[in-house]
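Colleague: So that we are looking at the same thing, I have put the structure below in structure tokens.
The values are calculated or read from the model by the stated rules, or taken from the named source; none is laboratory data. As the structure is a computational prediction, the values presented were derived from the model and not from experiment. When we count neighbours, we look across all protein chains shown, and the Cβ atoms used for this are built from the backbone with ideal geometry, even at glycine. For accessibility, only protein heavy atoms count, side chains too; no ligands or nucleic acids. Shrake-Rupley method; radii C 1.70, N 1.55, O 1.52, S 1.80 Å.
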Number of protein chains: 2
Amino acid sequence: MEPEILELESFLPYRLYRLADTVSREFSRIYKERHGLTRPEWRTLSGLGQRGTMTATELGEQSAMHKTKVSRAVAELERRRWLTRTPDEKDRRVEHLALTKAGLAAYREMVPLAKAFERELLARLSVEERVAIARGVAALEKALEEKS
Amino acid sequence: MEPEILELESFLPYRLYRLADTVSREFSRIYKERHGLTRPEWRTLSGLGQRGTMTATELGEQSAMHKTKVSRAVAELERRRWLTRTPDEKDRRVEHLALTKAGLAAYREMVPLAKAFERELLARLSVEERVAIARGVAALEKALEEKS
DNA sequence: TTTCGATGGTTACAAATGAAACCAGTTTGG
DNA sequence: CCAAACTGGTTTCATTTGTAACCATCGAAA
């Protein structure tokens with residue numbers, strides 16, 4: 001029996017990672033060049049822009065970030081005066097985060113760029129391919145949620 | 001006209017990244033727990049196991065790693081005596097890398113685990129979903145190759 | 001030849017990350 | 001009421017990463 005070989009180029013975890021890495025790296029140029037944001041900072045901005053107000057914990061859940069990443073991103077955005085913290089009345093450990101005018105302005109500027117990026121990426125696929133990626137990604141997401 | 005909002009949860013770059021991150025993190029437990037390997041080290045092992053002999057540059061291309069990552073991973077595997085370097089006859093800048101017996105043994109041990117991981121992940125999807133993810137990922141890979 | 005730009009690979013340094021310890025403050029159970 | 005367990009969030013420390021500078025060698029052109 002001959003030794004088994006793994007073909008890295010067709011190994012799903014590798015392919016997914018490389019794909020995500022490439023896409024993410026390319027997209028990051030947008031917020032990096034424009035505002036010098038890191039990915040956690042971008043996600044924080046985006047999360048708060050979308051939902052209006054969240055606590056750090058909620059932010060972490062929504063954008064799949066470890067709490068230390070959230071903590072640092074929030075600190076940096078606060079330093080820029082892009083967000084403010086409001087202590088919770090009932091539970092003094094909790095702070096409610098919200099974007100300031102400046103933060104909201106940055107968010108509003110980024111949204112169309114983000115959408116355009118996604119649109120242009122998907123435009124290179126056929127309709128069936130777009131359906132396939134949407135379906136496949138959704139299926140994997142669901143599978144991972146359930147099992148773990 | 002109301003302000004545009006970006007829904008992070010449906011934004012493809014974010015979804016891809018989170019997916020890859022989850023899968024990769026879960027898979028990494030296998031080589032991390034078993035041998036204390038980092039991802040670049042695992043990819044190096046895997047690349048050499050698959051191809052037999054490669055230069056550092058080739059390794060970087062095959063496994064999508066920056067050359068510093070390759071350099072460090074190779075150094076570590078060499079330290080473990082899992083690989084050896086053979087200077088190229090014609091070009092003295094180049095070294096040909098190959099796994100030792102020990103390295104090959106580790107590789108052979110890892111391959112079935114990697115395959116099982118992938119199989120179990122895909123087993124949670126329906127046939128159509130498996131087709132969809134394969135097709136979608138391939139399409140995106142192709143789109144990214146061409147454009148950039 | 002000699003020089004100069006490219007290439008294979010390593011190293012130094014700064015920034016980003018993760019794990020674990022930590023500090024409040026809160027809840028639970030005795 | 002009080003101690004113990006828990007939770008929201010921050011900080012510390014070690015590791016990983018990326019960028020850029022670097023060293024050696026090579027190839028092409030003058």
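Colleague: Would you confirm, using the coordinates I've provided, whether B:Ala98 is small (Gly, Ala, Ser), assigned to a helix (DSSP H, G or I) and modelled with pLDDT of 95 or more?
Modeller: Details: small (Gly, Ala, Ser): yes; assigned to a helix (DSSP H, G or I): no; modelled with pLDDT of 95 or more: yes.
In short, no.
Colleague: Taking the criterion of being of a type in the set (Ser, Thr, Tyr) and within 12 Å of B:Tyr14 (Cα to Cα), would at least one residue in segment A:24-32 satisfy it?
Modeller: Filtering segment A:24-32 down to residues of a type in the set (Ser, Thr, Tyr) leaves A:24, A:28, A:31.
Going one step further and asking which of them are within 12 Å of B:Tyr14 (Cα to Cα), we end up with A:24, A:28.
Yes: segment A:24-32 contains one or more residues that are of a type in the set (Ser, Thr, Tyr) and within 12 Å of B:Tyr14 (Cα to Cα).
Colleague: Go through the residues of segment B:62-78 one by one and say whether even a single one is crowded, with 18+ Cβ neighbours inside 10 Å, polar (S, T, N, Q) and in a helix (DSSP H, G or I).
Modeller: yes
Colleague: Something else now. How do the pairs read when you match residues in segment A:126-140 that are farther than 8 Å from B:Gly136 by Cα and β-branched (Val, Ile, Thr) with residues anywhere that are at pLDDT below 95 and surrounded by fewer than 22 Cβ atoms within 10 Å (Cβ to Cβ), using Cβ under 6 Å and keeping only pairs 6 or more apart or on different chains?
Modeller: none
Colleague: Check segment B:8-23 and report whether any residue there is over 30 Å from A:Met65 (Cα atoms) and either among the charged types (D, E, K, R) or open to solvent by less than 60 Å² (accessible area, probe 1.4 Å) (or both). Outline the logic, then answer.
Modeller: Initial filter on segment B:8-23 (over 30 Å from A:Met65 (Cα atoms)): none.
No, that holds for no residue.
Colleague: Something else: Within segment A:119-128, identify whether any single residue is over 20 Å from the mean Cα position of the chain (by Cα) and of a type in the set (Lys, Arg), and answer yes or no.
Modeller: The answer is yes; a qualifying residue exists.
Colleague: Just checking, which of B:Ala114, B:Ala143 is more than 24 Å from B:Phe27 (Cα to Cα), within 11 Å of chain A (Cβ to nearest Cβ) and not aromatic (Phe, Trp, Tyr)? Walk me through it before giving the result.
Modeller: Numbers: B:Ala114 fails: more than 24 Å from B:Phe27 (Cα to Cα).
Answer to the selection: B:Ala143.
Colleague: Filter segment A:74-104 for residues that are within 14 Å of chain B (Cβ to nearest Cβ) and within 18 Å of the chain's Cα centre (by Cα); which is farthest from DNA strand D (Cβ to nearest atom)? I'd like the intermediate steps shown before the answer.
Modeller: Just the residues of segment A:74-104 that are within 14 Å of chain B (Cβ to nearest Cβ), to begin with: A:99, A:101, A:103-104.
Now restrict to residues that are within 18 Å of the chain's Cα centre (by Cα): A:99, A:103-104.
On the way: A:Leu99: 16, A:Gly103: 16, A:Leu104: 20 Å.
In this case the residue turns out to be A:Leu104.
Colleague: Here is a follow-up. Could you tell me which numbered condition A:Gly52 fails, if it satisfies all but one of (1) surrounded by fewer than 17 Cβ atoms within 10 Å (Cβ to Cβ); (2) over 17 Å from the mean Cα position of the chain (by Cα); (3) over 28 Å from B:Ala139 (Cα atoms)?
Modeller: Going through (1) surrounded by fewer than 17 Cβ atoms within 10 Å (Cβ to Cβ); (2) over 17 Å from the mean Cα position of the chain (by Cα); (3) over 28 Å from B:Ala139 (Cα atoms) one by one, A:Gly52 breaks only (2).
Colleague: Within segment B:52-73, which residues are of a type in the set (Lys, Arg), in contact (Cβ under 8 Å) with a residue 24 or more places away in the chain and more than 14 Å from chain A (Cβ to nearest Cβ)? Break it down into steps so the answer makes sense when it comes.
Modeller: In the first step, residues of segment B:52-73 are kept if they are of a type in the set (Lys, Arg); the result is B:67, B:69, B:72.
Subsequent filtering for residues that are in contact (Cβ under 8 Å) with a residue 24 or more places away in the chain retains B:69, B:72.
Scanning segment B:52-73 gives a single hit, B:Arg72.
Colleague: So if I check each of B:Tyr31, B:Tyr107, which one is under 15 Å from the mean Cα position of the chain (by Cα) and more than 30 Å from A:Met65 (Cβ to Cβ)?
Modeller: Working: B:Tyr31 fails: more than 30 Å from A:Met65 (Cβ to Cβ).
Of B:Tyr31, B:Tyr107, the one residue that is under 15 Å from the mean Cα position of the chain (by Cα) and more than 30 Å from A:Met65 (Cβ to Cβ) is B:Tyr107.
Colleague: Collect the residues in segment A:123-136 that are facing chain B (nearest Cβ under 7 Å), closer than 29 Å to A:Glu33 by Cα and part of a helix (DSSP H, G or I), keeping them in residue-number order.
Modeller: The first filter runs over segment A:123-136 and keeps only residues facing chain B (nearest Cβ under 7 Å), leaving A:124-125, A:129, A:132-133, A:135-136.
Retained after the next criterion (residues that are closer than 29 Å to A:Glu33 by Cα): A:124-125, A:133.
The one that is facing chain B (nearest Cβ under 7 Å), closer than 29 Å to A:Glu33 by Cα and part of a helix (DSSP H, G or I): A:Ile133.
Colleague: Hey, another quick one. Does A:Ala102 meet the test of being touching a Phe, Trp or Tyr at 6+ places or on another chain (Cβ under 6 Å), of a type outside the set (Asp, Glu) and surrounded by fewer than 18 Cβ atoms within 10 Å (Cβ to Cβ)?
Modeller: On the way: touching a Phe, Trp or Tyr at 6+ places or on another chain (Cβ under 6 Å): yes; of a type outside the set (Asp, Glu): yes; surrounded by fewer than 18 Cβ atoms within 10 Å (Cβ to Cβ): yes.
Yes; evaluated as a whole, the condition is true for this residue.
Colleague: May I pose another question? If B:Thr53 meets every condition in (1) out of contact with any strand residue (DSSP E or B) (no Cβ under 9 Å at 6 or more places or on another chain); (2) at pLDDT 95 or above apart from one, which number is that one?
Modeller: (1)
Colleague: Pairs, please: C-beta under 6 Å, at least 6 apart or cross-chain, first residue within 7 Å of chain B (Cβ to nearest Cβ) and in segment A:4-20, second charged (D, E, K, R)?
Modeller: Between residues of segment A:4-20 that are within 7 Å of chain B (Cβ to nearest Cβ) and residues that are charged (D, E, K, R), the close pairs are A:Leu12/B:Glu118.
Colleague: Taking the conditions exactly as written (outside any strand (DSSP E or B) and aliphatic (A, V, I, L, M)), does A:Ala105 satisfy them or not? Before you say what the answer is, go through the steps one by one.
Modeller: On the way: outside any strand (DSSP E or B): yes; aliphatic (A, V, I, L, M): yes.
When the stated conditions are applied, A:Ala105 passes them.
Colleague: If you don't mind, there's one more thing I want to ask. State which residue pairs qualify: first residue within 11 Å of B:Ala114 (Cα to Cα) and inside segment B:24-51, second residue open to solvent by 40 Å² or more (accessible area, probe 1.4 Å) in any location, beta carbons under 7 Å apart, and separation of 6 or more residues or different chains.
Modeller: As it stands, the answer is B:Ser28/B:Arg39; B:Ile30/B:Leu113, since those pairs meet every condition given.
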